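**Student:** Please find one structure pasted underneath; my questions will follow.
The values are calculated or read from the model by the stated rules, or taken from the named source; none is laboratory data. In this text, all values refer to a predicted model and were calculated from it rather than measured experimentally. No Cβ is skipped: glycine too gets one built from the backbone with ideal geometry, and neighbour counts run over all protein chains shown. Side chains included, ligands, DNA and RNA excluded: accessible areas come from the protein's heavy atoms. Shrake-Rupley method; radii C 1.70, N 1.55, O 1.52, S 1.80 Å.
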Amino acid sequence: MKKKILIIYLLLTITVVVFAKGTNEVTNVSDSDPFAAAKAFYAKTDVTLIVPLGAGGGMDVAARNAAPYLQKLLGAKSVSVVNKVGASGIVAYNYLYNDAKRDGSIICFGSHPSTNEIVQNDSAVKYKSEEFTYLGTVQHTRFALTVVPESKYTNINELKTANSFSIGGFGFNDTMSLYGSLICEIIGNEGNCVIGGYGTAAKTLLAMAQGEVDAYASPMDSLYRYVQSKQCVPILVFGSERDEYWPDVPTIFEVLDVSESERIMLESIPESDRIVFCPPQIPQDRANFIEHCLVQMIDDPSFKQATIDSTGYFSGSRDALETREVCLEVINSADNYRVLDSLIKKWMR
Amino acid sequence: MELLTAFTEGLVAVFAPQTLLWIGIGSIIATILGIIPVLGGELGITLALPFLVGKNAIFVMPFLLAMDAVSCTGGSITSILLNIPGTLINAATTMDGYPMAKKGEAGRAIGAALTASAVGGIITVPMALLMIPILVPFVLKFKSAEMFLLIVSGLCFISVLTTKGRVVKGLISAALGLLIATIGSQAQTGYARFTFGNAHLYEGLPLVTVVLGMYAVPSLINLFVTGKAIAADSLITVKDSKQLVQGAKDVLKHWWLTLKSAIVGYIIGVIPGIGAFTSTFLTYGMAKKSSKTPEEFGKGCVEGVIAPEAANNAKEAGGLLTTLAFGIPGTGTMAIIMAALMVIGIQPGPMLLIENTSLCITMISSIAIANVFAFLLCWFNVPFLTKVTRIDPTYIFATVIPLVFLGAFSRSEKMFDIFLILVTGLLGFFFKKHGYSAPSLILGFVLGKDLEHYLWRSIDIYGPAFIFSTPICIGLFVTIILVIVYKPLVEVLRKIIARNPRGSHEKAI
């Protein structure tokens, strides 16, 4: 008897677990306010911000900064941050495309899912990046090449003549390694290389301080605090114009002879964006409402200040249309990316 | 002089009534979360974070650190009573803690675990404070080659985790662990291995699920099948409260082991990239090697509880120091604490130790106070908690199995984790039944990924002779060789001496 009760109890528990995710809900509230139905929905909804990378990173900090603002602006019951880590974001993007509720309660703070889909052409990708609902970009930033203050390479001219410098990368095929390989290709000295596998900015910077690698290419908002605390020095910005935060640092086009094909490749790597998007086909009024709230949040001086407080840097935003266009640009630049892939294989150890 | 002022300010801040209150609340929450299997400090910190944005760092950080520092104190209780690690780093405690509970000595084991945890957590705080000025040059010495050799030295203790006469099965278990660690994308090359196009396997198998499967599921099945309480009343000869005192006395009796384990745990905490999990198994192995009664290990030896418990609480001060100085979190919980620091507007890095020394001192000191809180909280509740060992196992099974599955499911909200826990649970049950070593598998699994990672990177950077690249590498290499050959060498020498007694030796000369 006791065992029968136990089996029933366990079956009930499993049933509750499996169906705990709930079902999609349709709200039919009409009002003269275009967002009335969306507001009514969020008033009784717990919103989840999905971050495809680990806690403590730049993406995670951006989402945690935004969470209290979005809770207030959406009028949501709660807004919580969940790190859904794995396979450079593929786990999170697959979840958003295939499993997440399509009701606007799940919002992602990530990078462009198109890079996994197009650049890496990964068989694990189970989504179509152009179908996501793009809502905006809360921070977009350029990449910079840095060295440690004690480095024997104090400027890019010294790097040009070097034949044994190494650039640290997170993994393989990540944007840091892409930029590293491209620099090696442009300089062209055979002894240089990219060493991958450091995983995070802090670990790569430690490797630089230990002398294992000489340089590191990373988004400026991730680097800014480290530069302020004198852990690294920027020597080059990957962009056509100098950055307002580091006006003394030259751009790659100023100091290196970049061929036309290399220029196209450089421009086809997306800038590091903290983009906001939802699963495909969420109700249009809710998508519009989130977009509206994001614009309000970005315009709020206290949000800018919070971003500057946590990263030291605020470089501007993009609206939903521009964000979607960047995604499409990546898809259209697929051929350039395939060349980049061969560069990575050439320069990475 | 400035440093002295910062020390005073930091210590004054940590003893302020409001800070103490926050530490007390954090300790209570984390101890309770630590006791419940599969939960733990990380969950508490994640849930608390949204409420702390905009609050004063002097209160927020001690609160979060208290949650992190003491969850493993509570976690030792379930390791001992149920053979289920409350938090992952309590896994080594199960090896002797649970056998002690089965012998009716749960109170003694918990007394030893709580005291060792408190001592380890407290004595390493002054060490951390004194280390602030020399931390950066110390950590900079440990590059990829040194890290590889440190991990190899951890693997050398696999033989210690196996019971006598089952060394081959122990080595097979460890090899299987190393093999499982190769699942996922290889960091240097990006090649996906054994993933079969499944994105959930790209980061490798999740440690939490594997540990739960290997430990919790077989123990619970075993309890259910045998139908006997963990320790029958008849086995308990001394009252649980008296056993607690006995456990505390054991720690004092083995003071050198406690101190040694705490120092090792602390150093491993300081060095980024190894993880606390290794320190508990490493100190367990060291305790067995140095014990007068190594044959008692695995059967309920109190030294096997003291060593990992002293190490796992000792790692907190070291881990925090590295997180503050380099922004490299050693654990998932430290990563969230680092995120909290950044949200408050504090950037970890060497400049933090220089420019905000008093806050760093407040944070590190709060770990010691949290350990005192956790010790008192658990100590007075143990006589009640040890009654778990006398409960009908059907009820334990019915309560804990859903928690285990929920814990695995909540990690990713994917049925994949439920499936994985079933597979690892079956594997664990097979291991238990046929005498294979689950701890060896776990150690191989935990160290395998880093082992490969540091090996390839060392070869890339320093070449195949990287073992001889620095004096630290040479020292570590010699230590590893000594650990491996010491016992066989002594045996061989003994046999040679026994075959050639003194007389015949002299005659030969």
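**Student:** Write out the GluC sites (Glu not before Pro) in the stretch A:78-152 meeting two conditions: DSSP loop, and at most 10 other Cβ atoms within 10 Å of their Cβ.
**Tutor:** A:Glu150
**Student:** Now a separate question. Rounded to the nearest 100 Å², what is the sum over both chains of accessible area buried where B meets A, with a probe of 1.4 Å?
**Tutor:** Summing both sides, the interface buries roughly 4200 Å².
**Student:** Averaging the inverse of every distinct alpha carbon separation and then flipping it gives the Kirkwood radius. What is it for the protein assembly as shown, in angstrom units?
**Tutor:** 28.4
**Student:** Output ³J(HN,Hα) for the stretch A:144-150: one whole-Hz value per residue in order, computed from phi by the Karplus curve 6.51 cos²θ - 1.76 cosθ + 1.60 with θ = phi - 60°, and x for Gly and Pro.
**Tutor:** Coupling constants for the stretch A:144-150: 9, 9, 10, 10, 7, x, 7 Hz.
**Student:** Follow-up. Using only the Cα atoms of the stretch B:249-290, what are the Rg and Dmax in Å?
**Tutor:** Rg and Dmax of the stretch B:249-290, Cα atoms, are 10.8, 35 Å.
**Student:** If I fit a long axis through the Cα atoms of helix A:320-332 and take the longest principal axis of the Cα atoms of chain A, what angle between them do I get, 0 to 90°, rounded to 10?
**Tutor:** On a 0 to 90 degree scale, this one is about 60.
**Student:** What span do the alpha-carbon atoms of the stretch B:200-343 cover on each of the three principal axes, reported in whole Å from largest to smallest?
**Tutor:** 55, 40, 29
**Student:** How would you rank A:247-258, A:84-95, highest first, on the average number of other Cβ atoms within 10 Å across their residues?
**Tutor:** A:84-95, A:247-258
**Student:** Karplus couplings for the stretch A:297-307 from phi (6.51 cos²θ - 1.76 cosθ + 1.60, θ = phi - 60°), rounded to Hz, Gly and Pro as x?
**Tutor:** Running phi through 6.51 cos²θ - 1.76 cosθ + 1.60 with θ = phi - 60° gives 5, 5, 6, 6, x, 5, 5, 4, 5, 4, 5 Hz.
**Student:** Would you mind computing Rg(Cα) / (2.2 N^0.38 Å) for chain A, counting N as its residues?
**Tutor:** 1.10
**Student:** If packing is taken as the mean number of other Cβ atoms within 10 Å per residue, what is the order of A:185-198, B:298-311, B:129-142, highest first?
**Tutor:** B:298-311, A:185-198, B:129-142
**Student:** Angle check, please: helix A:175-187 long axis (alpha carbons) against the longest principal axis of chain A (alpha carbons), in degrees 0 to 90, nearest 10.
**Tutor:** 20
**Student:** Calculated from DSSP H runs of 4 or more alone, at -39500 (n - 2.57) each and per residue, what is the 222 nm mean residue ellipticity of chain B, nearest 500?
**Tutor:** Roughly -24000 deg cm²/dmol at 222 nm, from the helical runs in chain B.
**Student:** Quick one: what are the phi-derived ³J(HN,Hα) couplings along the stretch B:371-387, Karplus 6.51/-1.76/1.60 with θ = phi - 60°, whole Hz, x for glycine and proline?
**Tutor:** 5, 5, 4, 5, 4, 5, 4, 6, 3, 7, 9, 4, x, 6, 5, 5, 5
**Student:** Also, I was wondering about something else. What is the average number of partner chain Cβ atoms found within 10 Å of a Cβ in A:201-214?
**Tutor:** That works out to 4 on average.
**Student:** Another question, then. Report, please, the projected area of chain B averaged over directions, based on the convex hull of its C-alpha atoms, in nm².
**Tutor:** With the hull built on Cα positions only, its mean projection is 27.6 nm².
**Student:** With a sphere of radius 15 Å drawn around the Cβ of B:Leu176, what net charge do the other residues whose Cβ falls strictly inside it have (Lys, Arg +1; Asp, Glu -1)?
**Tutor:** Summing Lys and Arg as +1 and Asp and Glu as -1 gives +4.
**Student:** Continuing with the same structure: Within 10 Å of each Cβ in peptide A:80-90, how many partner chain Cβ atoms are there on average? Round it to a whole number, please.
**Tutor:** 5
**Student:** While we're on this one: How big is the charge dipole of the stretch A:32-137 about its Cα centre, in debye rounded to the nearest 20, if each Lys and Arg gets +1 on its Cβ and each Asp and Glu gets -1 on its Cβ?
**Tutor:** The dipole of the stretch A:32-137 has a size of about 360 debye.
**Student:** Let me ask something else about it. Using a probe radius of 1.4 Å on heavy atoms only, what accessible surface per residue do you get for chain A? Whole Å² is fine.
**Tutor:** Result: 41 Å² per residue.
**Student:** Another question, then. Amide H to amide H, which residues 5 or more places from A:Val47 or on other chains are under 5 Å from it, using H placed in the peptide plane?
**Tutor:** A:Lys77, A:Ser78, A:Val79, A:Ser80
**Student:** Restricting to DSSP loop positions (anything but H, G, I, E, B) with no more than 15 other Cβ atoms inside 10 Å of their own Cβ, which trypsin sites (Lys or Arg not before Pro) remain in the stretch A:141-170?
**Tutor:** Those that pass, being in a loop and sparsely packed, are A:Lys152.
**Student:** P(r) of the stretch A:43-111 in 5 Å steps, Cα pairs, percent per bin?
**Tutor:** Pair shares across the bins are 3, 19, 29, 24, 17, 7, 1.
**Student:** While we're on this one: Averaged across B:457-464, how many Cβ atoms of other chains sit within 10 Å of each residue's Cβ atom?
**Tutor:** Mean number of neighbouring Cβ atoms from other chains: 3.
**Student:** If you roll a 1.4 Å probe over the protein assembly as shown with all protein chains in place, what percent of the accessible area is carbon or sulfur?
**Tutor:** 63
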